[in-house]
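The values are calculated or read from the model by the stated rules, or taken from the named source; none is laboratory data. From a predicted model like this one, the values you see are computed outputs, not experimental measurements. So basically every Cβ, Gly included, is an ideal-geometry build from the backbone, and we count neighbours across all protein chains shown.
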Amino acid sequence: MKICNGWRRFLLCLPLVFLLPHIFSVLELHQTSTLEDLHKKQIKKFDHLVLGPAAGEGLHDRLQCQGIKALNKTHFSASTDNSNYGENIAFVTVFTTYDSSIDRAIGGKSRDLVTVGKISYNKLERSMAILNVFINFIQVTMPQSNIIILTDPASKLPVHRSRVAIYPIQGEYSRDKLMLQRIRSYIAFLETRLEEHSQRQGHLNHYIFTDSDVAVIDDLGQIFKNYPNFDLAFTFRNNKEQPLNSGFIAVRGTPDGIRRGKVFLQEVLKVYRSKYIKASRMLGDQLALAWVVKSYPSFDAKRFTRPQAFLEEIGSASVLFLPCAIYNWTPPEGAGQFHGMTLDVKVVHFKGSRKRLMLESWNFLNSSSSSDVSDMLCLILKSGRTKYDF
Ligand SMILES: *[C@@H]1O[C@H](CO)[C@@H](O)[C@H](O)[C@H]1NC(C)=O
Ligand SMILES: *[C@@H]1O[C@H](CO)[C@@H](O)[C@H](O)[C@H]1NC(C)=O
């Protein structure tokens, strides 16, 4: 059934979406056909942006929008250039492509084409497009920073951009092992940095490990200056089961910071393999991360309920916890716990089925008619509830 086609009709359908979790909880399980119908409706993915209401309306500390025009300016501070302090930031991401035999079988013409703007993408081109937009945002927001892509030595990434380096690391990059491999690659990378440090002194390079489906929209160098005492940083949210997100990890580029960051990640890897290996495809690393943090008796998990940054000694490391609301803002899947967008949001994470929105946001920002970050955030805020095809 296509009852939710078109964004006007989508608005009418919203109450149905809100009701779904409730319907699920009261339905008898043997009514499978009804459940399947509901499920089909839920996973409908759109091939164009669907604008809905902006969450957080009327809250004075949340972004207010009129259409996709922002009523608040979100970015007040001029970006600081850390290189003046002899410090630099490098973004590090794990990225690999999968040889898609289906795409090739039909002479390069895939049946599975998806169009954004004037460009059509097959599966492989889609993931390359995400990587390129990831780079675009960083190069606009933090032009002094470098980007390091950790990848399977077997994959030949067609990335030729300035300030971007490809760094092959041996490992197992199959889809179902990717999250496990990601931590391994981070650890291997930090090891090489330690070796380098022992050979040369002076210039500091801080590292921010992120997923590649994020848009960095404000200077993140300030984290290292505003919180001078942390070794590594994670982002947290008020979620009992999964309070920590592994999509954003900052490591201070001092020898101590790198060493402690490495030891901490090794601990997470150990817990991942011993306790959560069955969840390895998606969530294992986040569960392991939360387990390691909560296993320290002095740690108070109540601190995750307030969106304020805090510092905690965990093992030998000083760990900074940063609120997802600012450093890892994600459009929510459902209707719950969604209070809009803070005015100082710095990183937007296009998890799951939001990848189309990442491209559309970049195109919007880069279009000559409107190049305002605040307006782009309104676009994201209004369309982030929907699942997309990209
Ligand atoms: C954001 O804009 C709205 C509408 O103009 C206004 O009421 C609100 O006070 C603004 N918030 C801040 C923090 O300036
Ligand atoms: C931004 O848009 C211009 C055209 O308006 C285009 O030439 C340029 O390649 C775009 N930049 C990126 C990084 O996509």
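Per-residue answers, yes or no, for (1) at pLDDT 95 or above; (2) part of a helix (DSSP H, G or I):
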| residue | (1), (2) |
| --- | --- |
| T74 | no, no |
| T80 | no, no |
| F91 | yes, no |
| A154 | no, no |
| V159 | no, no |
| D176 | no, yes |
Could you give every pair whose Cβ atoms fall below 8 Å, whose first residue belongs to the stretch 46-60 and is outside the structural domain of V114 (by TED's automatic domain parsing) and surrounded by 18 or more Cβ atoms within 10 Å (Cβ to Cβ), and whose second residue is among the acidic types (D, E) and outside any loop (DSSP other than H, G, I, E, B), counting only separations of at least 6 or pairs across chains?
L49/E360
Look at the stretch 141-163 and say how many of its residues are over 21 Å from T192 (Cα atoms) and touching a residue at least 40 places away in the same chain (Cβ under 8 Å).
4
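Just the residues that are more than 23 Å from K355 (Cα to Cα) and not aromatic (F, W, Y), please, taken from the stretch 212-238.
Matches in the stretch 212-238: G221, Q222, I223, K225, N226, P228, N229, D231, L232, A233, N238.
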Restricting the stretch 281-302 to residues that are part of a loop (DSSP other than H, G, I, E, B) and either at pLDDT 95 or above or not acidic (D, E) (or both), the residue that is farthest from L232 (Cα to Cα):
R281
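Counting only residues that are part of a helix (DSSP H, G or I) and not hydrophobic (A, V, I, L, M, F, W, C), how many does the stretch 178-208 have?
Count: 13.
For the stretch 209-280, list the strands (runs of 3 or more DSSP E) that sit wholly inside it and hold at least 2 residues that are under 23 Å from L377 (Cβ atoms) and not hydrophobic (A, V, I, L, M, F, W, C); which are they? Spell out the reasoning first.
Working: elements: 214-216, 232-236, 244-251.
In the stretch 209-280, 244-251 are the strands (runs of 3 or more DSSP E) which contain 2 or more residues that are under 23 Å from L377 (Cβ atoms) and not hydrophobic (A, V, I, L, M, F, W, C).
Taking the stated definitions as given, is K262 out of contact with any Ser or Thr (no Cβ under 8 Å at 6 or more places or on another chain), closer than 24 Å to Y173 by Cβ and modelled with pLDDT of 95 or more?
So K262 fits the description; yes.
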Any residue in the stretch 376-388 that's surrounded by 24 or more Cβ atoms within 10 Å (Cβ to Cβ): show its pairings with residues that are among the hydroxyl-bearing types (S, T, Y) and part of a loop (DSSP other than H, G, I, E, B) at Cβ separation under 9 Å, as long as the two are six or more apart or on different chains.
M376/S370; L377/T74; G384/T330
Only one of these is more than 29 Å from K225 (Cα to Cα), in the same structural domain as V268 (by TED's automatic domain parsing) and away from ligand 2 (no atom under 16 Å from the Cβ): L343, L377, L357, L322. Name it.
L357
Can you name every residue in the stretch 344-390 that is within 16 Å of ligand 1 (Cβ to nearest atom) and within 14 Å of the chain's Cα centre (by Cα)?
V345
Collect the residues in the stretch 235-254 that are more than 12 Å from the chain's Cα centre (by Cα) and either under 20 Å from I89 (Cβ atoms) or hydroxyl-bearing (S, T, Y) (or both), keeping them in residue-number order.
A250, V251, R252, G253, T254
